[in-house]
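Please treat every number below as a calculation from the coordinates, not as lab data. What you are looking at is a predicted structure, and each value in this text was computed from that prediction instead of being measured. Here the Cβ positions follow ideal geometry from the backbone for every residue, glycine too, while neighbour counts run over all protein chains shown.
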Amino acid sequence: MPLELVTLPALADNYTYLVHDPQSGSTAVIDVPEAAPISAALTARGWTLTDVWLTHHHYDHVDGLPDLLARHPAQVTGAAADAHRLPALDRQVTDGETFSFGGEVVQVLDVSGHTVGHVAFYLPDSAIVFTADSLMAMGCGRLFEGTAEQMWQSLSKLAALPAETTVCSGHEYTTGNMKFALTVDPGNLLLTSRADEVSKLRAKGAPTVPSILSDELATNPFLRAADPGIRAHLGMETASDAEVFAEIRARKDNF
Ligand code: ZN
Ligand code: FE
């Protein structure tokens, strides 16, 4: 039986996700911006929370945890590298490590850049990756702690996953990301058609996540540093991919 995936808006523009294995009854939540929407979704479905997977230490990803655990005790997993500044962890994980969830394998990927110690959780059997503030829909997280080179390595790791992978990211930033993407990649027809879809979804108040990795590869400028059109537009034909990425990231910071 396939896993069930639920996308839950939280706070002003965060997303948290439930993943449920009907076979074993295991249910994980990925990041806890606030407890209420998660608790309500669990109750509505009659699911028992078993796991919390934390991607990084920022308040909008962890602050709801004490309230959530008070009502829904569960095993908390997060990066060993960040254990000193994450809430108390029951399981500390490192890059490349795997653990099991129901009948599935979960692979931990270090995706440092937005923060150092940010991890993604990848479920190869279901082709789902939880990326939070690393890879986002048509965007990527701001570089608060890591270098552009580090973020480029992290995004390259995610870009190498199977193209059909479902990308579950942490924020509804897609409209701003899309407007920026159009300024660096204006000749990209797949981007303009995705921008239309995003505008229609947002007009209805619908989420633009999760997204599919193949769409990110085709339209997310932060994955497209090797693209000749973008390089020509930036006048960076001979630069390294990491340098082109750094320039795109810097432009977005000032957009
Ligand atoms: Zn963050
Ligand atoms: Fe965030």
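Which one of 118, 58, 84 has the biggest mean-square fluctuation once the chain is modelled by GNM with Cα springs under 10 Å?
Judging by the Gaussian network model, the answer is 84.
For helix 174-184, report the angle its Cα long axis makes with the longest principal axis of the Cα atoms of the chain; keep it between 0 and 90° and round to the nearest 10°.
Around 20 degrees separate the two axes.
Just report the Cα centroid separation between segment 1-78 and segment 86-153, whole Å.
Using only Cα atoms, the two centres lie 16 Å from each other.
Which residues make up the longest stretch of the chain that has no GluC sites (Glu not before Pro) in a DSSP loop with at most 13 other Cβ atoms within 10 Å?
Numbers: sites that count: 164, 237.
The longest uninterrupted stretch comes out as 1-163.
Among 119, 6, what is the fewest-to-most ranking by other Cβ atoms within 10 Å?
Ordered from fewest to most neighbouring Cβ atoms within 10 Å, 119, 6 come out as 6, 119.
Could you give the angle, 0 to 90 degrees to the nearest 10, between helix 148-159's Cα long axis and the longest principal axis of the Cα atoms of the chain?
In the chain, helix 148-159 runs at an angle near 70 degrees to the longest axis.
Checking a compactness column here: for segment 111-193, what do you get for Rg(Cα) / (2.2 N^0.38 Å), N being the number of residues? Could you put the intermediate results ahead of the total?
Details: Rg = 13.1 Å, N = 83, 2.2 N^0.38 = 11.8 Å.
Expressed relative to 2.2 N^0.38 Å, the Cα Rg reads 1.11.
At q = 0.07, 0.10, 0.11 Å⁻¹, what is the log10 ratio I(q)/I(0) for the chain, with the Debye formula run over Cα points and no solvent?
The computed values of log10 I(q)/I(0) come out as -0.23, -0.47, -0.56.
As a test of the formula, what do you get for the chain when each DSSP H run with n ≥ 4 contributes -39,500 (n - 2.57) and the sum is divided by the residue count, at 222 nm and rounded to the nearest 500 deg cm²/dmol?
-9500 deg cm²/dmol
Starting from a Cα-only point model with no solvent, please compute log10 I(q)/I(0) by Debye for segment 196-244 at q = 0.14, 0.16, 0.31 1/Å.
These q points yield log10 I(q)/I(0) values of -0.48, -0.58, -1.10.
Going by C-beta contacts inside 10 Å, put 15, 59, 173 in order with the fewest on the left. Could the numbers behind the result be given before it?
Numbers: 15 25, 59 9, 173 21.
Lowest count first: 59, 173, 15.
Who wins for biggest fluctuation among 14, 188, 220 in a Gaussian network model of the chain, springs between alpha carbons below 10 Å?
Looking only at 14, 188, 220, the biggest GNM fluctuation is shown by 188.
On the principal axes of its Cα set, how long, how wide and how thick is segment 1-139? Give whole Å, largest value first.
36, 33, 31 Å, listed from the longest principal axis down.
How many lysine pairs does segment 149-255 hold where the Cα atoms are under 23 Å apart and the two sit 8 or more places apart or on different chains?
Working: 157/252; 179/200; 179/204; 179/252.
Lysine pairs meeting both conditions in segment 149-255 amount to 4.
Please give the length that would be gained between residue 67 and residue 214 if that part of the chain were fully extended, namely 0.36 nm times their separation in residues minus their C-alpha to C-alpha distance (nm, one decimal). Don't jump to the answer; show the numbers that get you there.
Numbers: separation 147, 0.36 × 147 = 52.92 nm, distance 3.68 nm.
Here the segment from residue 67 to residue 214 would lengthen by 49.2 nm.
GNM, the chain, Cα, under 10 Å: largest mean-square fluctuation among 60, 185, 90?
Checking each option, the largest mean-square fluctuation is seen for 90.
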